[in-house]
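*Asks:* First the structure, then my questions, so here it is.
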Amino acid sequence: MAFGDQPAYLRVADDLRKKIAAGELPPHARLPSQARIREEYGVSDTVALEARKVLMAEGLVEGRSGSGTYVRAQPVPRRVVRGGFHTAGETTPFRQEQADDRITGIWDADSEQERAGREIAGRLGIEVGERVMRTRYVFRSLGEVVMLSTSWEPLALTGRTPVILPEEGPLAGRGVVDRMAALDLVVDNVAEEVGARPGRAEEVLALGGVPGHWVMVTSRTYFAGGRPVETADVVVLAERYRIAYRLPVK
């Protein structure tokens, strides 16, 4: 088998990747053994091992203890639709994070006061060490965990008010827009940044992934009159979801 100028282990990995994509190695099929790869491609054991590691890092195959390495079934990506914020009376935490009205869901939340670190303080425009309310959300749709979110609100705004806790009080579960309106703060702008990184162990476990999976993180901040009133990180598995935006044309 003729190869190009790539390192041998990448050439082998690329050929196996093509076989997986073409269905020659379908989901749940056993990947050729190290000895078989060595023989078929004329490479060393080290090259065969490194090629398998590449495919595992890409999430295309998985090792099963005492059994071998198998092709993973690849999920069909679903969309997480982003659409800015909703007007008062229409928001819930799920709608806030998923703007597609065809998708419904539920959530669990846990709130706790803490002192803002450098990153969160910068996003909220407050001093490092100022107290914030941190709320962790787990969102589910059709019984499946679809996303995680952690939000932070400055207690200088919400402290000692009926809306200090996002999931308790008279506006429990109504979302940022309604809760800030109760404080005479009109949310008029939302900023989002989307990035990717390796998932933390606890995130991947909660989302039903496997170690090594990457996640997409949407960092969002709500503003009222130019002042940040809430910031959050929304986390989904990169292999399962695509971030889709609906933006108004003005």
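*Asks:* Is it true that ARG123 is modelled with pLDDT of 85 or more, within 25 Å of the chain's Cα centre (by Cα), surrounded by fewer than 17 Cβ atoms within 10 Å (Cβ to Cβ) and not polar (S, T, N, Q)?
*Replies:* On the way: modelled with pLDDT of 85 or more: yes; within 25 Å of the chain's Cα centre (by Cα): yes; surrounded by fewer than 17 Cβ atoms within 10 Å (Cβ to Cβ): no; not polar (S, T, N, Q): yes.
It is false that ARG123 is modelled with pLDDT of 85 or more, within 25 Å of the chain's Cα centre (by Cα), surrounded by fewer than 17 Cβ atoms within 10 Å (Cβ to Cβ) and not polar (S, T, N, Q).
*Asks:* Something else about it: Taking VAL163 as meeting all but one of (1) within 30 Å of ARG78 (Cα to Cα); (2) without any contact (Cβ under 8 Å) to a residue 24 or more places away in the chain; (3) open to solvent by less than 50 Å² (accessible area, probe 1.4 Å), write down the number of the exception.
*Replies:* (1)
*Asks:* What is the number of the single condition among (1) at pLDDT 90 or above; (2) under 17 Å from GLY105 (Cα atoms) that VAL146 does not meet?
*Replies:* (1)
*Asks:* Still on this structure, I have one more. If GLY83 satisfies all but one of (1) at pLDDT below 95; (2) open to solvent by 30 Å² or more (accessible area, probe 1.4 Å); (3) of a type outside the set (Phe, Trp, Tyr); (4) over 18 Å from SER219 (Cβ atoms), what's the number of the condition it fails?
*Replies:* (4)
*Asks:* Just to verify a result, which residue in the range 200-250, among those that are acidic (Asp, Glu) and farther than 19 Å from GLU119 by Cα, is surrounded by the fewest Cβ atoms within 10 Å (Cβ to Cβ)? Give the steps one after another, and end with the answer.
*Replies:* Here is the first cut: in the range 200-250, the residues acidic (Asp, Glu) are 202-203, 230, 233, 239.
When the remaining residues are screened for being farther than 19 Å from GLU119 by Cα, the result is 202-203, 239.
Values: GLU202: 9, GLU203: 18, GLU239: 17.
Across the range 200-250, the extreme among qualifying residues is GLU202.
*Asks:* Right, another one. Counting residues that are among the hydrophobic types (A, V, I, L, M, F, W, C) and over 22 Å from ARG123 (Cα atoms), which helices (runs of 4 or more DSSP H) fully inside the range 134-227 reach at least 3? Walk me through how you get there before you give the answer.
*Replies:* Values: elements: 155-158, 176-181, 201-206.
Ranges flagged: 201-206.
*Asks:* Something else: How about the range 130-147: which of its residues are basic (Lys, Arg), under 27 Å from ALA116 (Cα atoms) and either in contact with a Phe, Trp or Tyr (Cβ under 9 Å, 6 or more places away or on another chain) or buried (at least 18 other Cβ atoms within 10 Å of the Cβ) (or both)?
*Replies:* At the first step, the residues of the range 130-147 found to be basic (Lys, Arg) are 131, 134, 136, 140.
Within this subset, residues satisfying the condition of being under 27 Å from ALA116 (Cα atoms) are 131, 134, 136.
Within the range 130-147, ARG134 is the sole residue that qualifies.
The values are calculated or read from the model by the stated rules, or taken from the named source; none is laboratory data. Predicted model, so just to flag it, every value in this text is computed and none were measured. Don't worry about glycine lacking a Cβ; one is built from the backbone with ideal geometry, like all the others, and counts go over all protein chains shown. Protein only, heavy atoms only, side chains kept; ligands, DNA and RNA dropped before computing areas. Shrake-Rupley method; radii C 1.70, N 1.55, O 1.52, S 1.80 Å.
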